[in-house]
Amino acid sequence: MGKALWGTSGGFQGKNGANIGRWLNGQNIVGPLPHPSLLPPTTGQLNARAKFGLTVTFLSWISPLIKVGFQDAHKEKQTAFNAAFVYNYRNAVTGTSADNYTIDYPKVMYSKGRLGLSYLASMATTEDAQLDLSWEAGIANGIGKPTDLATFVVYNPAKELFVTAVGAVPRSALSFDMALPATFSGDNVYVYMSFVSADGKMTSDSFYMGATVVQ
C-alpha cells in the first residue's frame, strides 16, 4: 500500500493500484508498475544473470566482513555489500559466458580502505590443518598503528567453505597460527589478509597472500 506523504492531492511512495511512487533525485516520481517481459531472455541477459548470481553467492558468505571492510568505500545511498559486489563483479570473475564463469580468487577483495598493509606477508604449512602466517613490521603507506587488528580469510573451493579469523591479533604480533578444519587436509586453499583499526573505523585493502595445500 502506498503512503500519501503530502496529502491526498500530493504524490505518494509505494504501490497504489496499478501505479508505484518512488523518490528519485529529489523528486517524487509516479509511474505504472513494471510488467515482466514475455520475451525469452537473450544470451546476454542469461550471461549477466549467471555472473550476477555467482558473485552474490560467493560474497554472501563473508558479508559481515564486507560490511566492515567496505564501510568507507561505497557511494552515498549504496551499501558496503553493493560496493563490494560492483568491484568483484567487474574485477574478480573470469570467463566469457554462463558456461564458464568462475571466481578469479587472486583478484577478490572483501575490504577496501586507507590503512596500510604490512611488508612481506607470507605463509607456511608446518603443522597439520594449520597455516603459519607472518608479516614484517612497518606500514606500507604509513597510515596505521601497531594496534591495528589483523583479519585472515581462507577459502576452500573443494568444500565451498570459508574460515575466518576476525581481528585475530594486533599488527605488532607479526605472526598468527591459524587452525583449519581437519577435513581441509590435502585441499588447496586461498588465503587473504586485511587490517582494521582498533576502534573499527578504518580498514585496509584486503591482500591476497596466495594459495597453498593444507597438510
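Just need a number here: residues in region 104-120 that are surrounded by 18 or more Cβ atoms within 10 Å (Cβ to Cβ), of a type in the set (A, V, I, L, M) and farther than 21 Å from Pro157 by Cβ.
Within region 104-120, residues that are surrounded by 18 or more Cβ atoms within 10 Å (Cβ to Cβ), of a type in the set (A, V, I, L, M) and farther than 21 Å from Pro157 by Cβ number 2.
Answer with yes or no whether Ala179 is open to solvent by less than 60 Å² (accessible area, probe 1.4 Å), touching a strand residue (DSSP E or B) at 6+ places or on another chain (Cβ under 7 Å) and not aromatic (Phe, Trp, Tyr). Full working, then the answer.
Details: open to solvent by less than 60 Å² (accessible area, probe 1.4 Å): no; touching a strand residue (DSSP E or B) at 6+ places or on another chain (Cβ under 7 Å): yes; not aromatic (Phe, Trp, Tyr): yes.
Considered against the rule, which asks whether it is open to solvent by less than 60 Å² (accessible area, probe 1.4 Å), touching a strand residue (DSSP E or B) at 6+ places or on another chain (Cβ under 7 Å) and not aromatic (Phe, Trp, Tyr), Ala179 comes out as no.
For region 93-100, does any single residue satisfy the condition of being crowded, with 18+ Cβ neighbours inside 10 Å and either closer than 20 Å to Met193 by Cβ or among the charged types (D, E, K, R) (or both)?
No, that holds for no residue.
So that you can scan it fast, the table gives a plain yes or no per residue for (1) among the small types (Gly, Ala, Ser); (2) out of contact with any His (no Cβ under 9 Å at 6 or more places or on another chain); (3) under 24 Å from Pro106 (Cβ atoms); (4) in a strand (DSSP E or B):
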residue: Ala137; (1), (2), (3), (4): yes, yes, no, yes
residue: Pro146; (1), (2), (3), (4): no, yes, no, no
residue: Ala168; (1), (2), (3), (4): yes, yes, yes, yes
residue: Ser172; (1), (2), (3), (4): yes, yes, no, no
residue: Tyr190; (1), (2), (3), (4): no, yes, yes, yes
residue: Ala198; (1), (2), (3), (4): yes, yes, no, no
residue: Lys201; (1), (2), (3), (4): no, yes, no, no
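Looking at Arg49, Arg90 in this structure, which one is more than 14 Å from the chain's Cα centre (by Cα) and more than 15 Å from Tyr190 (Cβ to Cβ)? Talk me through it step by step, then tell me what you get.
On the way: Arg90 fails: more than 14 Å from the chain's Cα centre (by Cα).
When all the criteria are applied, what remains is Arg49.
Kindly evaluate Tyr110 against the criterion of being of a type in the set (Ser, Thr, Tyr), at pLDDT below 95 and either part of a helix (DSSP H, G or I) or within 18 Å of Ser204 (Cβ to Cβ) (or both).
no
When you look at Gly144, is it closer than 24 Å to Val68 by Cα, modelled with pLDDT under 95 and over 21 Å from the mean Cα position of the chain (by Cα), yes or no? Even if it seems obvious, please write down each step before you answer.
Working: closer than 24 Å to Val68 by Cα: yes; modelled with pLDDT under 95: no; over 21 Å from the mean Cα position of the chain (by Cα): yes.
Considered against the rule, which asks whether it is closer than 24 Å to Val68 by Cα, modelled with pLDDT under 95 and over 21 Å from the mean Cα position of the chain (by Cα), Gly144 comes out as no.
Inspect all residues belonging to region 84-92 and state whether any of them is open to solvent by 50 Å² or more (accessible area, probe 1.4 Å), closer than 27 Å to Phe176 by Cα and hydrophobic (A, V, I, L, M, F, W, C).
Checked region 84-92: no residue is open to solvent by 50 Å² or more (accessible area, probe 1.4 Å), closer than 27 Å to Phe176 by Cα and hydrophobic (A, V, I, L, M, F, W, C).
The values are calculated or read from the model by the stated rules, or taken from the named source; none is laboratory data. Please read these numbers as outputs of a predicted model, since none were measured by experiment. Note that we place each Cβ from the backbone using ideal geometry, even for glycine, and neighbour counts take in every protein chain shown. Accessible surface areas use protein heavy atoms only, side chains included; no ligands, DNA or RNA. Shrake-Rupley method; radii C 1.70, N 1.55, O 1.52, S 1.80 Å.
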